[in-house]
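What follows is a short report on a single structure.
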Amino acid sequence: MSRPRRVAASLLVAVALTSCSGKTAAPPPHAPAGPVPGAASAGDPYMPGAGNGGYDVQNYDLDLRIAPHAEPELAGTATITADATEALSRFNLDLTGLTVSKVTVGGSPAAYTRSAGKLVVTPPKPLPRGRFVVSVAYSGTPREINDPLLGKYGWIPTRDGVFTGDEPDGAHTWFPGNDQPGDKATFGFRVTVPRGLTAIANGELTGTGTTGGSTTYTWRERDPMATYLAMVDVGRFTVRTGRTPGGIPIYVAIDPSVTTIGLGRLYDETARITDAWVRLFGPYPFGSTGGVVDDAPVRFALETQTRPEYVAGIVADPTVIAHELSHQWFGDSVTPARWSDIWLNEGFATYAEWMWREREPGGVPVQRQFDSRYSQKESGDLWNVPPAAPGRGRMFGRAVYERGAMTLHALRKKVGDAKFFAILRAWAAEHRHANATTADFIALSERVSGISLGRLFRVWLYGKGRPANW
Ligand code: ARG
Ligand code: ZN
């Protein structure tokens, strides 16, 4: 649900028409360009090649049959409803690995080719602007990503199933789509697994049915979601559902082999923290909250929409749960369109983590957490990487997380508590379910506080060296 505009083709036509004006009649004022190929990338320099132009996805319906440790592990059909933002002769979907067996557009077979992370689809007739439906049948065993900095992510086999954790670019290893944060869409999941296993996805569980040896779980995420926040987690789980004291539906699940946290504590902390963040940040943006703890061999937790994912080693610290749940407002509901703005996710979630640490018994005041970092005079990572332009390699580094959080604390000290929390609530409310940029945040902060903040943000977000005056 976004619009990266493509202007190159219409510009070319305009130039061609004017340059032969000697013979041709003046072109009609808004000469429609003929159908063009959709752009092959969203143009994000941090993720060259990822995402596509020419259309805006409205909904994904993922019908997945998952057989852990079998070959292939995955067979699926992705049905994607999108709006063409210009007339298209062909368009691209992101997809890496896997075998495509059939593509239809509007129900008719379409031609397709594969190249470097893309499925290139040529419909039988060019698509006019507006709504279309593309369906892709595919199968295979997705390959996990092993990044030198981030470690493993993407599609990760576990002892009893499979875990998916995709930020920033793992989603297209298991479903085709527009894999960039600027194009959010609703999702339906229909996941069929061997009987005895549970399949968990984003949103709300809308049905379960067992036939023969397999069980199908259907899940629906009714609010727009970026592809990197989509998840399916399959395995043995104990599950608890209910409502938080504040009334939000909650679904939590734990792999029974995990011993670092119990189901009761995961449930209680998730409920308590969700409600606390509602009081601080404003209405909960989605239909449900929750969490899943699996025994996946990864080193991260992830704020997958409505249902963060944790692994045994890191869930025991409740500030991790506070961090991932705060992302539901900051990152999931209000999502950066460009990865260079990732501090809008991680700086905010780290600040939430500091606020939770302050509230815990024997809590450390936020000011002290700021001071202990500020006193690290020689910390190159913190002071030489600007949080709002960290570079691809430092996207998930200390400056984005910690200096990002310090930026918010500097803002809070400048404008005072009342205006600071009014800024956070206005940010969540005004950009709810949409995409936003650092420039949007600066403008909103100045408007809500009535204070000129150019220097503060310049020094904290874009400067090199430890900020001294702001
Ligand atoms: N967003 C996650 C967090 O809350 C970090 C994800 C990093 N990505 C990865 N593939 N390890 O901190
Ligand atoms: Zn985070």
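Listed values, structure above:
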| quantity | calculated |
| --- | --- |
| Residue match in the stretch 266-280 (condition: outside any helix (DSSP H, G or I), away from ligand 1 (no atom under 14 Å from the Cβ) and either modelled with pLDDT of 95 or more or farther than 16 Å from Glu221 by Cα (or both)) | no |
| Of all residues making up the stretch 140-154, the number that are away from ligand 1 (no atom under 12 Å from the Cβ) and surrounded by 16 or more Cβ atoms within 10 Å (Cβ to Cβ) | 3 |
| Residue among Ala301, Ala296 that is more than 16 Å from the chain's Cα centre (by Cα), within 29 Å of Asp169 (Cα to Cα) and either within 15 Å of ligand 1 (Cβ to nearest atom) or basic (Lys, Arg) (or both) | Ala296 |
| Matching residues, the stretch 300-321, being more than 12 Å from ligand 2 (Cβ to nearest atom) and farther than 15 Å from Asn202 by Cα | Val311, Ala312, Gly313, Val315, Ala316, Asp317, Pro318 |
| Complete set of residues in the stretch 131-168 that are closer than 16 Å to Ala230 by Cβ and within 16 Å of ligand 2 (Cβ to nearest atom) | Tyr153, Gly165, Asp166, Glu167, Pro168 |
| Pair list, Cβ under 8 Å, 6 or more apart: the stretch 123-148 residue on the phi > 0 side of the Ramachandran plot, other residue assigned to a strand (DSSP E or B) and away from ligand 1 (no atom under 16 Å from the Cβ) | Gly130/Asp83; Gly130/Ala84; Gly140/Leu74; Gly140/Thr99 |
| Long-range neighbours under 7 Å by Cβ, at least six apart or interchain, first residue closer than 14 Å to Arg432 by Cα within the stretch 333-348, second at pLDDT below 95 and away from ligand 1 (no atom under 14 Å from the Cβ) | Ala337/Ser2 |
| Residue check for Arg357: away from ligand 2 (no atom under 16 Å from the Cβ), over 18 Å from the mean Cα position of the chain (by Cα), of a type outside the set (A, V, I, L, M, F, W, C) and not in a loop (DSSP other than H, G, I, E, B) | no |
| Residues that are farther than 21 Å from Arg243 by Cβ and surrounded by 20 or more Cβ atoms within 10 Å (Cβ to Cβ), drawn from the stretch 193-216 | Val193, Leu197, Ala199 |
| Enumeration of residues in the stretch 169-191 that are part of a strand (DSSP E or B) and either surrounded by fewer than 22 Cβ atoms within 10 Å (Cβ to Cβ) or in contact with a helix residue (DSSP H, G or I) (Cβ under 7 Å, 6 or more places away or on another chain) (or both) | Gly177, Thr186, Gly188, Arg190 |
| Residue within the stretch 286-309 that is touching a Ser or Thr at 6+ places or on another chain (Cβ under 6 Å), of a type outside the set (Val, Ile, Thr) and assigned to a helix (DSSP H, G or I) present | no |
| One residue from Ser372, Ser445 being loosely packed, with under 14 Cβ neighbours inside 10 Å and part of a helix (DSSP H, G or I) | Ser372 |
| Residues that are touching a Gly at 6+ places or on another chain (Cβ under 7 Å) and within 16 Å of ligand 2 (Cβ to nearest atom), drawn from the stretch 275-299 | Val298, Arg299 |
| Considering residues of the stretch 388-402 that are buried (at least 18 other Cβ atoms within 10 Å of the Cβ) and farther than 17 Å from Glu167 by Cβ only, the residue farthest from ligand 2 (Cβ to nearest atom) | Ala388 |
| Filtered residues of the stretch 304-321 (kept if near ligand 1 (Cβ under 10 Å from one of its atoms) and buried (at least 23 other Cβ atoms within 10 Å of the Cβ)) | Thr304, Pro308, Glu309 |
| Leu263 being within 14 Å of ligand 2 (Cβ to nearest atom) and among the aliphatic types (A, V, I, L, M) | no |
| From the options Gly404, Gly393, residue that is assigned to a helix (DSSP H, G or I), within 16 Å of ligand 1 (Cβ to nearest atom) and under 25 Å from Pro283 (Cα atoms) | Gly404 |
| Residue match in the stretch 322-341 (condition: assigned to a helix (DSSP H, G or I), touching a Ser or Thr at 6+ places or on another chain (Cβ under 7 Å), more than 11 Å from ligand 1 (Cβ to nearest atom) and closer than 22 Å to Asn202 by Cβ) | no |
| Among (1) away from ligand 2 (no atom under 16 Å from the Cβ); (2) part of a helix (DSSP H, G or I) - the single one Gly362 does not satisfy | (2) |
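The values are calculated or read from the model by the stated rules, or taken from the named source; none is laboratory data. The structure displayed is predicted, hence computed values, not measured ones. Methodologically, a virtual Cβ is constructed for each residue, glycine included, from the backbone with ideal geometry; neighbour enumeration extends over all protein chains shown.
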